[in-house]
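Visitor: Handing you a structure now.
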Amino acid sequence: MKEMLKEFKAFISRGNVIDLAVGVIIGGAFTAIVTSLTTNLINPFIGLFLGRIDLSNLVVKIGGTTFKYGAFLNSIINFLIIAFVVFVLIKAINRLVKKEPAKPTPDKKEVLLEEIRDLLKEENQTPK
């Protein structure tokens, strides 16, 4: 039991788990903001053109079944807003974090030549 608690403590203390937890919490809060934006600002704007302010009430009835395509439209709008904001954030982060250019890996011949050079330097520096 102690070993399991030790492993759990090591697991939960990892940076990746904490980063993931923070991301999920912020994502949930961000979703609430986007839902509010869609419901309170974008839907009324679209409603000006459709003649309806609340898209979630748009339905089609076929037989005894009701298809709520307005709620589906709200979900699509929410997704597009979230995807766009994430795209903009990633672009901004990539601009701020400049990656160092990758050093080319030397081929085997170059490595061997460098080793020979270093050995020759050592031989010339040691007194005889």
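Visitor: For the subset of segment 48-57 comprising residues that are surrounded by 14 or more Cβ atoms within 10 Å (Cβ to Cβ) and not hydrophobic (A, V, I, L, M, F, W, C), which member is nearest to the chain's Cα centre (by Cα)?
Guide: Ser56
Visitor: Here are some residues: Val60, Val34. Which one is more than 18 Å from the chain's Cα centre (by Cα), surrounded by 10 or more Cβ atoms within 10 Å (Cβ to Cβ) and at pLDDT 80 or above?
Guide: Going through Val60, Val34 in turn, just one is more than 18 Å from the chain's Cα centre (by Cα), surrounded by 10 or more Cβ atoms within 10 Å (Cβ to Cβ) and at pLDDT 80 or above: Val60.
Visitor: Among the residues of segment 20-76, which ones are under 18 Å from Leu89 (Cβ atoms) and among the aromatic types (Phe, Trp, Tyr)?
Guide: Hit for segment 20-76 is Phe30, nothing else.
Visitor: If you don't mind, another one. Which numbered condition trips up Ser75, out of (1) surrounded by 11 or more Cβ atoms within 10 Å (Cβ to Cβ); (2) in contact with a helix residue (DSSP H, G or I) (Cβ under 8 Å, 6 or more places away or on another chain); (3) free of Cβ contacts under 8 Å to residues at least 24 places away in the same chain?
Guide: Here Ser75 meets the rest and fails (2).
Visitor: If you take just the helices (runs of 4 or more DSSP H) that sit entirely in segment 1-63, which of them hold at least 1 residues that are closer than 22 Å to Asn74 by Cβ and without any contact (Cβ under 8 Å) to a residue 40 or more places away in the chain?
Guide: The qualifying helices (runs of 4 or more DSSP H) are 15-37, 43-50.
The values are calculated or read from the model by the stated rules, or taken from the named source; none is laboratory data. Note that this is a predicted model, so its numbers are computed, not measured. We place every Cβ from the backbone using ideal geometry, glycine too, and count neighbours over all the protein chains shown.
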